[in-house]
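This structure is in structure tokens; I'll ask about it shortly.
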Amino acid sequence: MRVRRLPHRATYVLVFNRRGELFVHLRSPHKDVFPGHWDVAVGGVLAAGESFDEGARREAREELGVDLEPEPLFPLHYADERIVVHGMVYRGRHDGPFRLQPEEIVRGEFLALDAVAARAAREPFCPDGLAALAEYRRRWPDRRD
């Protein structure tokens with residue numbers, strides 16, 4: 001779907017630990033879109049008939065191996081030369097450990113939000129995830145989850 005730039009629905013779950021650090025992960029080099037890029041959100045394309053809430057829980061379970069009850073935050077509409085997505089952004093809380101899905105995630109770690117921005121300035125990140133995080137920070141500039 002994303003390979004052919006078809007519009008699709010997707011979820012973005014920003015996972016914070018109790019110190020307010022965000023879980024970022026390195027995508028598999030075998031992913032069809034943005035292989036080997038860092039991402040700030042777990043999530044993905046919804047299945048046919050699946051709600052955003054169901055998709056957010058399913059993706060967290062698949063990618064991180066944990067059950068979350070993510071809090072819905074805001075819709076995200078993102079488009080660039082590679083993808084067109086109508087999504088929903090969520091916030092989840094978990095301190096780990098995670099059982100990472102090897103087909104999706106090479107490795108991950110919790111980082112302070114300023115450290116995420118510094119890494120994004122020097123390493124490739126998924127642009128739609130960064131758009132979700134930018135909107136999150138715009139809406140809640142002083143929040144330290």
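Here, each number is a calculation from the coordinates, and none is a lab measurement. Quantities reported herein were computed from a predicted structural model and do not represent experimental measurements. Positions of Cβ are generated from backbone atoms using ideal geometry, with glycine treated the same way; all protein chains shown enter the neighbour counts.
If a residue has to be surrounded by fewer than 18 Cβ atoms within 10 Å (Cβ to Cβ) and in a loop (DSSP other than H, G, I, E, B) to count, how many in the stretch 65-93 make the cut?
So the answer is 7.
Turning to a different aspect of this structure: Please verify whether Arg58 is at negative phi, surrounded by 14 or more Cβ atoms within 10 Å (Cβ to Cβ), in a helix (DSSP H, G or I) and out of contact with any Lys or Arg (no Cβ under 6 Å at 6 or more places or on another chain), treating the condition exactly as stated. If you could, list the steps in order and put the result at the bottom.
Working: at negative phi: yes; surrounded by 14 or more Cβ atoms within 10 Å (Cβ to Cβ): yes; in a helix (DSSP H, G or I): yes; out of contact with any Lys or Arg (no Cβ under 6 Å at 6 or more places or on another chain): yes.
Spelling it out, Arg58 is indeed at negative phi, surrounded by 14 or more Cβ atoms within 10 Å (Cβ to Cβ), in a helix (DSSP H, G or I) and out of contact with any Lys or Arg (no Cβ under 6 Å at 6 or more places or on another chain).
Run down Ala131, Ala112 and say which single residue is of a type in the set (A, V, I, L, M) and over 12 Å from the mean Cα position of the chain (by Cα). Spell out how you get there, then give the answer.
Working: Ala131 fails: over 12 Å from the mean Cα position of the chain (by Cα).
The unique qualifying residue is Ala112.
Related question: Against the definition (surrounded by 15 or more Cβ atoms within 10 Å (Cβ to Cβ), of a type in the set (Val, Ile, Thr) and in a helix (DSSP H, G or I)), how does Val116 come out, yes or no?
Working: surrounded by 15 or more Cβ atoms within 10 Å (Cβ to Cβ): yes; of a type in the set (Val, Ile, Thr): yes; in a helix (DSSP H, G or I): yes.
For Val116, the condition - surrounded by 15 or more Cβ atoms within 10 Å (Cβ to Cβ), of a type in the set (Val, Ile, Thr) and in a helix (DSSP H, G or I) - is met.
Sticking with this one: Taking the stretch 119-145, which residues are surrounded by fewer than 12 Cβ atoms within 10 Å (Cβ to Cβ) and assigned to a helix (DSSP H, G or I)?
Answer for the stretch 119-145, where residues must be surrounded by fewer than 12 Cβ atoms within 10 Å (Cβ to Cβ) and assigned to a helix (DSSP H, G or I): Ala121, Arg122, Arg138, Arg139.
Just checking, how many residues over the stretch 33-64 are within 16 Å of His8 (Cα to Cα) and acidic (Asp, Glu)?
4
In addition: Given the structure, is Asp32 over 14 Å from Leu100 (Cβ atoms) and in a helix (DSSP H, G or I)? Can you show your working first?
Numbers: over 14 Å from Leu100 (Cβ atoms): yes; in a helix (DSSP H, G or I): no.
Considered against the rule, which asks whether it is over 14 Å from Leu100 (Cβ atoms) and in a helix (DSSP H, G or I), Asp32 comes out as no.
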